[in-house]
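A.B. asks: One structure coming up, written as structure tokens, with questions to follow.
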Amino acid sequence: MLGAGQLGRMLALAGIPLGYEFVFVDPSPRAPAATVGEQIVCGYDDPLGREALAGCQVVTYEFESVPVEAADALAQRVPVFPPPLALRVAQDRLAEKSCFRLLGISSAPFLAVDSLEDLTSAALSLGLPAVLKTRRLGYDGKGQFVLKRAEDVATAWAAVGQAPSILEGFVHFERELSLVAVRGQDGEISFYPLVENQHRHGILRKTICPAPGLTFDLQCAAETYAVRLLEHLNYVGVLALELFEKNGMLVANEIAPRVHNSGHHSIEGTRTSQFENHLRAILGLPLGNTSPLSHSCMLNLVGTLPERAAVLAVPDAHLHLYGKSARPGRKVGHITVRGESEAELAARVAALEAVPGVCDDATPAR
Ligand code: AMP
């Protein structure tokens, strides 16, 4: 696996019972997955790591900023899933939004911005507010600036470091949703229910599954978009599609070509977790049932570690710590909690949120 963060750790925790062993390549020493497999501490394109991975049955990634060239080089020697093309598209917001447009997937209007002049004319043509986003290496709201007035163009251009960017029309959405989908090597596709995601300071804090008030039509609309993407990319593995909901319609924001934070609830909340299903897909095995077992909620632990006993005292709560030290803004673990009804779930979530450290806001405002 390219990357040895918490996603790699949870993938291995799902794959070990199936009899698999894992090798991770990641430049950070003692990364979260190092306790569940062999970690080779080197860069993603280092020959040392490449040789080790080339000897594996299959290669995947748990981190979408791996150099596409490293994935391409490996794909000459060993099956690499998801296909490096998916990485290429997801790493560049212009390619990603163009792919949505090509496939008839509704997204915010956008224009490429390579200079202050481009930004000025894009702001005029899209209207304000609008969001300037760097094409590459933006995540959790980093590399973004919301322009509210025409005078903001110079500040916005400086804020993104004058990097190649896109300007997107601002979507006045009601809520953020995501769809986690999985496609097998034989083209079989399964979906988890649409989930509602709540962020603070640009970082995902809470996911509710299924999204409250989810309708059959909304689920179908999201699945239709995902099928187009999965088939266009000849995708194998788990893919997450992040969406905005506005007036009952879906507007696509971005894709993640990997297991996704908004799918963590699936470990205890569904019949087969996104981690196991990703492995089943890339290994050419039958996909597992994605049905929810009950209502569930995932709470991210950001910057602080709560006391274990206080979390586990809440009925049907499950704690996942990633073996990372606490630092402001850092995802150090998550909690999944289930309830037989939305009301029971809400009461349990409230009990968890009252535990010191669960939703303390150690994240500095940006
Ligand atoms: P992203 O890095 O694209 O996932 O954006 C981070 C967050 O910024 C999203 O989760 C939204 O809350 C917000 N956001 C991104 N794009 C837009 C947009 N076009 N209109 C309104 N809000 C947005």
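The values are calculated or read from the model by the stated rules, or taken from the named source; none is laboratory data. Remember, it's a predicted structure, so these values are computed and weren't measured experimentally. No Cβ is skipped: glycine too gets one built from the backbone with ideal geometry, and neighbour counts run over all protein chains shown. With ligands, DNA and RNA removed, areas are computed over all heavy atoms of the protein, side chains included. Shrake-Rupley method; radii C 1.70, N 1.55, O 1.52, S 1.80 Å.
A.B. asks: When the convex hull of the C-alpha atoms of region 26-174 is computed, what volume per residue in Å³ does it have?
C.D. replies: Working: hull volume 22.3 nm³, N = 149.
Value for region 26-174: 150 Å³ per residue.
A.B. asks: Another question, if that's okay. Remind me, relative contact order of region 29-166 in percent, using alpha carbon pairs under 8 angstrom and six or more residues apart?
C.D. replies: Values: 162 pairs, mean separation 24.6, N = 138.
Worked out over region 29-166, it gives 18 percent.
A.B. asks: Suppose the chain between residue 354 and residue 46 were pulled fully straight at 0.36 nm per residue; how much longer would it get relative to their current alpha carbon spacing? List each step's numbers first, then the result.
C.D. replies: Working: separation 308, 0.36 × 308 = 110.88 nm, distance 4.57 nm.
Taking 0.36 nm per residue and subtracting the Cα distance, the gain is 106.3 nm.
A.B. asks: Please list the equivalent ellipsoid semi-axes of region 14-64, computed as the square roots of five times the alpha-carbon gyration tensor eigenvalues, in descending order and whole angstrom. Don't skip to the answer; put the middle values down first.
C.D. replies: On the way: eigenvalues 61, 37, 18 Å².
The equivalent ellipsoid of region 14-64 has semi-axes of 17, 14, 9 Å.
A.B. asks: Separate question: If you count only protein heavy atoms and use a 1.4 Å probe, how large is the accessible surface of residue 312, to the nearest 10 Å²?
C.D. replies: 90 Å²
A.B. asks: Considering only protein heavy atoms and a probe of 1.4 Å, how much of the accessible area of the chain is carbon and sulfur, as a whole percent?
C.D. replies: Details: 8190 of 15220 Å².
That fraction is 54 percent.
A.B. asks: Can you tell me the length gained on complete extension of the stretch residue 171 to residue 342, counting 0.36 nm per residue apart and subtracting the Cα distance?
C.D. replies: Details: separation 171, 0.36 × 171 = 61.56 nm, distance 2.81 nm.
Computed gain between residue 171 and residue 342 is 58.8 nm.
A.B. asks: Sticking with this structure for a sec: Which value results for Rg/Rh of region 166-287 when Rg is the Cα radius of gyration and Rh the Kirkwood radius based on the inverse mean 1/r?
C.D. replies: 0.96
A.B. asks: Express the relative contact order of the chain as a whole percentage, based on alpha carbon pairs under 8 Å and six or more residues apart in sequence.
C.D. replies: 13 percent
A.B. asks: Using the heavy atoms of the protein chains and a 1.4 angstrom probe, tell me the accessible area per residue for the chain in square angstrom.
C.D. replies: On the way: 15220 Å² over 366 residues.
Here the per-residue accessible area is 42 Å².
A.B. asks: Quick one: grab Rg to one decimal and Dmax as a whole number for region 106-251, Cα atoms only, in Å.
C.D. replies: 17.0, 53
A.B. asks: Can you tell me which of 320-326, 149-155 comes out highest on packing, and rank the rest after it, using the mean Cβ neighbours within 10 Å? Walk me through the numbers before you get to the answer.
C.D. replies: On the way: 320-326: 15.1, 149-155: 13.1.
Going from most to least packed, we get 320-326, 149-155.
A.B. asks: Also, quick follow-up: Counting only the heavy atoms of the protein chains, how much of residue 44 is accessible to a 1.4 Å probe, in Å² to the nearest 10?
C.D. replies: Accessible surface of residue 44 is approximately 40 Å².
A.B. asks: Return the whole-Å distance between the Cα centroid of region 87-163 and the Cα centroid of region 260-299.
C.D. replies: 33 Å
A.B. asks: Chymotrypsin sites (Phe, Trp or Tyr not before Pro) within region 125-190: which are DSSP loop residues with at most 14 other Cβ atoms inside 10 Å? All intermediate terms of the calculation are to be shown ahead of the outcome.
C.D. replies: Details: sites: 139, 145, 157, 170, 173; in loops: 139, 170, 173.
In loop regions of region 125-190 (DSSP not H, G, I, E or B), the sparsely surrounded chymotrypsin sites (Phe, Trp or Tyr not before Pro) are 139.
A.B. asks: Give the residue list of GluC sites (Glu not before Pro) in region 302-344 that are DSSP loop and have at most 16 other beta-carbon atoms within 10 angstrom.
C.D. replies: Values: sites: 307, 340, 342, 344; in loops: 307, 340.
Passing sites in region 302-344 are 307, 340.
A.B. asks: Give the Rg/Rh ratio for region 140-206, taking Rg as the radius of gyration of the Cα atoms and Rh as the Kirkwood radius, to two decimals. Present the calculation step by step, with values, prior to reporting the outcome.
C.D. replies: On the way: Rg = 17.1 Å, Rh = 15.3 Å.
Here Rg/Rh amounts to 1.12.
A.B. asks: Taking N as the number of residues in the chain, what is its Cα Rg relative to 2.2 N^0.38 Å?
C.D. replies: Details: Rg = 20.2 Å, N = 366, 2.2 N^0.38 = 20.7 Å.
Here the answer is 0.98, to two decimals.
A.B. asks: Starting from the 7 Å offset along Cα-to-Cβ, what nm value, one decimal, do you get for the label separation of residue 325 and residue 77?
C.D. replies: 3.5 nm
A.B. asks: Stretch residue 151-residue 69 to full length: gain in nm at 0.36 nm per residue minus the Cα-Cα span? Could you put the intermediate results ahead of the total?
C.D. replies: Numbers: separation 82, 0.36 × 82 = 29.52 nm, distance 3.97 nm.
Working it through step by step, the gained length comes to 25.6 nm.
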